[in-house]
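First comes the structure, then the notes that go with it.
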Amino acid sequence: LERVDIDLLIETTITDIRDGEPGLSNITSALSKGIDVITTNKGPVALSFYQLKKIAERSGSRLRYSGTVGGGTPILDFARQQLKNEKILSVKGVLNSTSNYILWKMAKDKVNLKDALQEAKNRKIAERDSRYDITGIDTACKLVILANSIMDFKVDLKDVTIEGIENVSLNNVLEAENAGKAVRLIGRIEDRLRVSPELIAKTDPLCVEADNNSICFSTEYNNYILIGKGAGGKETANTVIRDLLDLYQVELLQNKTVSGVALPLVS
Ligand SMILES: NC(=O)c1ccc[n+]([C@@H]2O[C@H](COP(=O)([O-])OP(=O)(O)OC[C@H]3O[C@@H](n4cnc5c(N)ncnc54)[C@H](OP(=O)(O)O)[C@@H]3O)[C@@H](O)[C@H]2O)c1
């Protein structure tokens, strides 16, 4: 970044929610030089949203991060663009594909959590460090990003009460099944932020299958539900294109050149 003259950095390095690195340094450095940033990396946005926003405001650069919540499903964009004139009162949903896949698979094939997790890894929907998925931290990061960026909360990960699915047994899942219900890892933003496994009716629209995500925005006027793929390479790459068009639609329509760098470097 010191040596290149570019408009845009696309930052998709590994998520580390302990210190946000290396993404946080890459993004901070680009924004402070006036370079726009598109990222799918939750770490820096969950840990340092207000700090990054301030740097961008000072230098006139822009930060887009629609892939950080909901993967392919445009959750942040929907809220940011379509709910501008409505006060969002609460948010609840399934925001982690891996844990949803595991809970769904346990019930469907009567397998234990370990085997269902292995299948999620084989399907490449788990985070590189799958403890983020299982312990609820990934969902908590997404709640923090949503709360800060669309509801004007000032929260960080310490403000989220987190319980993951690590102690959910096959018995728990099958008992729920027999009662016409399902166990799902639900994230909630109400007065407080909370992640925990909940029993929900199978007819509840939030009770999605496999690696889907679901979210319900309750506003002063209505309830809105979005459902779609929450992870996957193509889906997440598509969020980068979505952000690219959001930032540069005018330039691209006029056939102007936008120069950029992607980290990690791709050939
Ligand atoms: N895939 C999805 O479904 C999805 C959905 C939403 C958000 N995201 C986020 O999008 C980002 C990319 O996802 P992914 O699935 O491509 O993750 P990934 O498979 O873990 O790949 C991350 C990339 O970062 C590189 N990397 C790791 N440490 C680095 C460092 N210190 N400096 C520079 N590069 C480094 C890795 O290189 P090596 O392979 O050489 O280690 C790898 O190319 C992650 O932050 C992820 O959380 C992914």
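The values are calculated or read from the model by the stated rules, or taken from the named source; none is laboratory data. All of these numbers come straight from a predicted model, not from anything done at the bench. All Cβ positions, even for glycine, are placed from backbone atoms using ideal geometry, and neighbour counts span all protein chains on display. We work out accessible area using only protein heavy atoms, side chains counted, and drop any ligands, DNA or RNA first. Shrake-Rupley method; radii C 1.70, N 1.55, O 1.52, S 1.80 Å.
Since only Ile200, Val173, Leu1 are under comparison, the one whose Cα sits farthest along the positive direction of the charge dipole of the chain, derived from C-beta charges on Lys, Arg, Asp and Glu, is Ile200.
So, with +1 on the Cβ of K and R and -1 on the Cβ of D and E, and no other charges, what is the size of the charge dipole of the chain about its Cα centre, to the nearest 20 debye?
Details: 35 positive and 36 negative charges, 22 e Å.
The calculated dipole for the chain is roughly 100 debye.
Counting only lysines at least 8 places from Lys42 when in the same chain, those with an alpha carbon closer than 22 Å to its own are Lys33, Lys53, Lys54, Lys92, Lys121, Lys124, Lys142, Lys154, Lys158, Lys229, Lys234.
Seen against the Cα atoms of the chain and their longest principal axis, helix 137-150 is set at about 50 degrees.
For region 54-93, go through all pairs of different Cα atoms, get the mean of 1/r, take its inverse, and jot down that Kirkwood value in Å.
Values: mean 1/r = 0.0831 Å⁻¹.
Over region 54-93, the inverse of the mean reciprocal pair distance is 12.0 Å.
So how do Leu31, Leu265, Leu24 rank on accessible area, 1.4 Å probe, biggest first, that is with the largest at the start? Kindly include the intermediate steps, with their values, before the conclusion.
On the way: Leu31 0, Leu265 140, Leu24 25 Å².
Of Leu31, Leu265, Leu24, the descending order of accessible area is Leu265, Leu24, Leu31.
Calculated accessible area for the chain comes out at 50 Å² per residue, all protein chains present (probe 1.4 Å; ligands, DNA, RNA ignored). The listed residues Arg64, Arg194, Arg184, Arg123 rank as Arg123, Arg194, Arg64, Arg184 when sorted by accessible area, largest first, using a 1.4 Å probe.
When only C-alpha pairs under 8 Å and at least 6 residues apart count, what is the relative contact order of region 1-155, in percent? Working shown, then result.
Working: 191 pairs, mean separation 28.9, N = 155.
Computed over region 1-155, the figure is 19 percent.
Shape summary of region 209-262, radius of gyration then Dmax from alpha carbon positions: 16.1, 43 Å. So, in nm, how far is label Arg3 from label Leu170 when the simple model puts each one 7 Å beyond its Cα toward the Cβ? Taking the two extended label points, one gets 5.6 nm. With kT/(6 pi eta Rh) evaluated at 37 °C and eta = 0.692 mPa s, and Rh the Kirkwood radius from Cα pairs, region 46-132 diffuses with a coefficient of 207 µm²/s according to Stokes-Einstein.
With the Cα gyration tensor of region 169-212 giving a ≥ b ≥ c as the square roots of its eigenvalues, does the rule (a/c under 1.5 for rounded; else a/b larger than b/c for prolate; else oblate) give rounded, prolate or oblate? Walk me through the numbers on the way to the answer.
Numbers: a/c = 2.05, a/b = 1.64, b/c = 1.25.
Here region 169-212 falls in the prolate category.
What does the convex hull of the Cα atoms come to per residue for the chain, in Å³? Numbers along the way, then the final one.
Working: hull volume 34.9 nm³, N = 267.
It is 131 Å³ per residue.
Grouping the Cα pair distances of region 101-238 into 5 Å bins from zero gives a pair-distance distribution of 2, 9, 18, 22, 22, 16, 8, 3, 0 percent in increasing distance order.
If you roll a 1.4 angstrom probe over the protein chains with everything in place, what fraction of the accessible area of region 115-267 belongs to carbon and sulfur, to the nearest %?
Heavy-atom surface of region 115-267 belonging to carbon and sulfur, 1.4 Å probe: 47 percent.
As I understand it, the value is the acute angle between the Cα axis of helix 113-122 and the longest principal axis of the Cα atoms of the chain; what does it come to in degrees, rounded to 10? Relative to the chain, helix 113-122 is tipped by roughly 40 degrees. Please work out whether region 1-103 counts as rounded, prolate or oblate from its C-alpha gyration tensor, where a ≥ b ≥ c are the square roots of the eigenvalues and a/c under 1.5 means rounded, while otherwise a/b larger than b/c means prolate and anything else oblate? Oblate, since a/c reaches 1.5 and b/c is not below a/b.
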